[in-house]
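What follows is calculated from the coordinates using simple rules that are stated; it is not laboratory data. The model shown is predicted, which means the values in this text are computed figures rather than measured ones. For neighbour counting, all protein chains shown are included, and Cβ atoms are generated from backbone atoms with ideal geometry for every residue, glycine included.
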Amino acid sequence: MHLTREDIDNISFEVIEKVFKKKLPLLGLSVREPQLEMADEILGMVKNRSKCLIVEAGVGTGKSYGYLIPLLTLQKIDRYGFSIIISTGTISLQEQLIKDLSFQNNI
């Protein structure tokens, strides 16, 4: 399946309005502006057919959810359209990412 720009706009609304602004607070998670900006940048990257995106954000901004939610949503819809590669600097960050990925199943 090839996602159109319109498909991605619809997914963007779903991710930002329904997941970040409604579902995450119901699960007791706070939503931070950098998460919304990151999700928007990621969805824009896919919409514009860019090849990569490098994101940097401070401690406690919710980076994991900021990139996992839009990427996993896109991959669920278009499983073979692209790959997701996430690089971390430490084993501690890898372990945190594994926890965050397992929590994604609740969203």
Which of Val15, Val55, Val46 moves most in a GNM of the chain, Cα contacts under 10 Å? Val55
Running a GNM on the chain with Cα contacts under 10 Å, which residue among Pro70, Pro34, Pro25 ends up with the highest mean-square fluctuation? Pro25
For Leu53 and Gln75, what is the calculated FRET efficiency with R₀ set at 22 Å and r taken between the beta-carbons, to the nearest 0.05? 0.90
Net charge dipole size for the chain [Lys, Arg +1 and Asp, Glu -1 on Cβ; Debye, nearest 20]: 200 debye
Per residue convex hull volume, Cα only, the chain, in Å³ is 101 Å³
Starting at the first residue of segment 95-104, write each ³J(HN,Hα) from the Karplus equation 6.51 cos²θ - 1.76 cosθ + 1.60 with θ = phi - 60°, in whole Hz, x for Gly and Pro. 5, 5, 5, 4, 4, 5, 5, 5, 6, 4
